């Protein structure tokens, strides 16, 4: 699964943590996990190829990885969760 480019698991009522190895998919360009009950952190340390991300309506905490400031995200939906640090700096540059 190293070549995974698109992951869509939205509206599935998933109630666990996001697996830590999801951040190892370096070819991942689209990640749609919105409207679940995911908790924990968003482990995207090596996913700098992301272009579209939706993690809205989950119970995530923590901060975005530092590469998010340099990325070319086309779509980002960030509603109803508690990511902080990098996110607040990144939003200030929009």
Handout entry: Candidate set: segment 45-54, residues that are touching a residue at least 24 places away in the same chain (Cβ under 8 Å) and in a loop (DSSP other than H, G, I, E, B); chosen: the one surrounded by the fewest Cβ atoms within 10 Å (Cβ to Cβ)
Key = 51
Handout entry: Residue list for segment 9-44, filter: under 24 Å from residue 72 (Cβ atoms), over 10 Å from the mean Cα position of the chain (by Cα) and assigned to a loop (DSSP other than H, G, I, E, B)
Key = 9, 10, 25, 26, 27, 28, 29
Practice task
Return the only residue of 60, 73 being modelled with pLDDT under 85, surrounded by 15 or more Cβ atoms within 10 Å (Cβ to Cβ) and either touching a strand residue (DSSP E or B) at 6+ places or on another chain (Cβ under 7 Å) or part of a strand (DSSP E or B) (or both).
Solution key: 60
Fill in the blank from the handout: Condition set more than 14 Å from residue 60 (Cβ to Cβ) and free of Cβ contacts under 8 Å to residues at least 24 places away in the same chain, scope segment 1-37, selection surrounded by the fewest Cβ atoms within 10 Å (Cβ to Cβ): answer is 21
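Looking at the structure I just gave you, is residue 50 at pLDDT 75 or above and touching a strand residue (DSSP E or B) at 6+ places or on another chain (Cβ under 8 Å)? Can you show your working first?
Working: at pLDDT 75 or above: yes; touching a strand residue (DSSP E or B) at 6+ places or on another chain (Cβ under 8 Å): yes.
The answer is yes for residue 50.
The values are calculated or read from the model by the stated rules, or taken from the named source; none is laboratory data. Everything numeric in this text was worked out from a predicted model, so none of it was measured. Note that we place each Cβ from the backbone using ideal geometry, even for glycine, and neighbour counts take in every protein chain shown.
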